[in-house]
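Undergrad: Could you have a look at this structure, given as structure tokens, before my questions?
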Amino acid sequence: MTPGTSTYPSRFARAVFDLLNPIPYGLFVGTLIFDVTYAATGNVFWGKGAAWLVTTGLFFAIIPRVINLCHVWLFSRNQVARIERIDFWLNLVGIVAAIVNAFVHSRDAYGMVPQNVILSVITVALLSIGQFALAFASFDFKGAARE
């Protein structure tokens, strides 16, 4: 398998995955920003906003994770790169941290601090590491080298 080639069995699945995969990441980053702001200010607006962002991020994470699950573990087991399996596990643990974070956000008032910030950092860090790993795995270093 050459870098940059798709091993997805369907172009439609790849298109849907590429369209929806960045949305939860952006919402989880927004959750982190809102959580840090809430911890600093104590303004309830930021805590409630973070609760909405993490919940919406989890809803948008369902379809890309199912597509990734099918791609990595069901349909193309032999063709999947090791980095894609690592990305799958990083995303899975990150989403579990986001689920726990959603439950933490159900607490009253300032009772969610500092767990909400810690879980948001864990979620964003794991998803970021997975995205960086995939980006570096598909980067063509030979084409970037000076001649």
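Undergrad: Mind checking which residues of the stretch 105-123 are assigned to a helix (DSSP H, G or I) and in contact with a Lys or Arg (Cβ under 9 Å, 6 or more places away or on another chain)?
TA: Those that are assigned to a helix (DSSP H, G or I) and in contact with a Lys or Arg (Cβ under 9 Å, 6 or more places away or on another chain): 115, 116.
Undergrad: Another one. Quick one: which helices (runs of 4 or more DSSP H) lie wholly within the stretch 4-104 and hold at least 3 residues that are closer than 19 Å to residue 125 by Cβ and over 13 Å from the mean Cα position of the chain (by Cα)?
TA: 22-41, 82-104
Undergrad: Take the residues of the stretch 1-42 that are exposed (fewer than 15 other Cβ atoms within 10 Å of the Cβ) and among the charged types (D, E, K, R): which is modelled with the highest pLDDT?
TA: 18
Undergrad: I'm told residue 63 meets every condition in (1) without any contact (Cβ under 8 Å) to a residue 40 or more places away in the chain; (2) surrounded by 15 or more Cβ atoms within 10 Å (Cβ to Cβ) except one. Can you identify the failing condition by its number?
TA: Going through the list (1) without any contact (Cβ under 8 Å) to a residue 40 or more places away in the chain; (2) surrounded by 15 or more Cβ atoms within 10 Å (Cβ to Cβ), residue 63 breaks only (1).
Undergrad: Quickly run through the stretch 119-144 and pick out the residues that are surrounded by 15 or more Cβ atoms within 10 Å (Cβ to Cβ) and either touching a strand residue (DSSP E or B) at 6+ places or on another chain (Cβ under 8 Å) or modelled with pLDDT under 85 (or both).
TA: Matches in the stretch 119-144: 134, 137.
Undergrad: A follow-up question, please. Answer yes or no as to whether residue 127 is assigned to a helix (DSSP H, G or I) and under 30 Å from residue 10 (Cα atoms).
TA: Yes, satisfied.
The values are calculated or read from the model by the stated rules, or taken from the named source; none is laboratory data. The structure displayed is predicted, hence computed values, not measured ones. Don't worry about glycine lacking a Cβ; one is built from the backbone with ideal geometry, like all the others, and counts go over all protein chains shown.
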